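Take a look at the structure set out below.
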Amino acid sequence: VKTRFLGKKTPGISKYSPKILEKVERANIQSMSSFFGCDFWNAYEFSFLNSSNQPVLETLEIIIPMTSLNTVESKSLKLYLASFYNKKFSNIQNALKLIEKDLYKLVKTKVSVTKVKKHPVPPKSLLVNNKKNLIPKNKIIRFEGFRSICPVTNQPDWANIYIHSSDDQIDAKKLNRLLKSYREHGDFHETCIESIFLLLLDDFKLSNVTIFGRFLRRGGIDINPLRSTQSKLLFSNFRDLSQ
């Protein structure tokens, strides 16, 4: 994967720079076409100037549908958001609308950008690490310490993985083995979660399943892919303590 900024030294940016945004083509558009989901991006370092010329620092939630042709390369998004620091807005809504407009041009799908006031708490879940039994259906299970490798920088990405199946039991021992097998796997967050999702359907024979990867932030941004067989998504954009 070739990118302009990820893993490279970048120059300082002193003014609003939408052209710095870089697209990444989705890897599994065809195989995921009959399913549902989105990517929750939390950007913790967004600043601009208000009408009094005073700096404002906010956290943003960016929701990109999984059906978009492209997503955004994370380092370019960090640099793009950083370029707002000296741009003046009469209110934050004007800034959010501009970000939505710029991201729409990049990913070719409507994107939601909102100010985060408070993240929901994580749902009650059953820790599946080291369990070897069958997990009853309709239980939210959690695997802690998921690790994969960024395919560009070769640096580790960490996450807690949440899984729910309303119709079928899940073999905990087999699931642990699957999730631990990604520890040296090189792929972006979204591709890893989609790969696991498809394996849960094909190898585990689950008919109704939702998976949510809560990844730790890098560069002030965390990316949290959610994939499901159901159009009504089970999870909100909650925040784990480790995030």
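The values are calculated or read from the model by the stated rules, or taken from the named source; none is laboratory data. If you're wondering where the values come from, they're calculated on a predicted model, not measured in any experiment. Every residue, glycine as well, gets a Cβ built from its backbone with ideal geometry; the counts of neighbours run over all protein chains shown.
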The residue that is farthest from Ile149 (Cα to Cα), considering only those in the range 209-228 that are under 10 Å from the mean Cα position of the chain (by Cα) and either in a loop (DSSP other than H, G, I, E, B) or β-branched (Val, Ile, Thr) (or both), is Ile221
The one condition Lys9 fails out of (1) part of a loop (DSSP other than H, G, I, E, B); (2) charged (D, E, K, R); (3) free of Cβ contacts under 8 Å to residues at least 60 places away in the same chain; (4) within 28 Å of Lys117 (Cα to Cα) is (4)
Can you find a residue in the range 199-208 that is within 18 Å of the chain's Cα centre (by Cα) and of a type outside the set (A, V, I, L, M, F, W, C)? no
Residue set Ser195, Ser231; condition assigned to a loop (DSSP other than H, G, I, E, B), more than 13 Å from Ala159 (Cβ to Cβ), polar (S, T, N, Q) and out of contact with any Asp or Glu (no Cβ under 6 Å at 6 or more places or on another chain); output residue Ser231
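Sort through Ile141, Ile161 and tell me the only one that's surrounded by 18 or more Cβ atoms within 10 Å (Cβ to Cβ) and in contact (Cβ under 8 Å) with a residue 40 or more places away in the chain.
Sole residue among the options that is surrounded by 18 or more Cβ atoms within 10 Å (Cβ to Cβ) and in contact (Cβ under 8 Å) with a residue 40 or more places away in the chain: Ile161.
So, restricting to strands (runs of 3 or more DSSP E) that lie completely within the range 30-129, which ones have at least 1 residues that are within 18 Å of Phe238 (Cβ to Cβ) and touching a residue at least 60 places away in the same chain (Cβ under 8 Å)?
36-49, 55-65
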Picking from Phe212, Phe238, the residue that is within 25 Å of His119 (Cα to Cα), modelled with pLDDT of 95 or more and not assigned by TED's automatic domain parsing to the domain that holds Asp168 would be Phe238
_Among the residues of the range 167-176, are any assigned to a loop (DSSP other than H, G, I, E, B) and in contact (Cβ under 8 Å) with a residue 40 or more places away in the chain?_
yes
Filtering the range 172-184 down to residues that are in contact with a strand residue (DSSP E or B) (Cβ under 6 Å, 6 or more places away or on another chain) and either surrounded by 14 or more Cβ atoms within 10 Å (Cβ to Cβ) or polar (S, T, N, Q) (or both) yields Ala172, Leu179, Tyr182
Checked Ile99, Ile13, Ile62, Ile92 against criteria (buried (at least 20 other Cβ atoms within 10 Å of the Cβ) and either touching a Gly at 6+ places or on another chain (Cβ under 7 Å) or farther than 24 Å from Cys150 by Cα (or both)); the one match is Ile99
Picking from Glu190, Glu184, Glu194, the residue that is of a type outside the set (Val, Ile, Thr), closer than 28 Å to Lys19 by Cα and out of contact with any Leu (no Cβ under 6 Å at 6 or more places or on another chain) would be Glu190
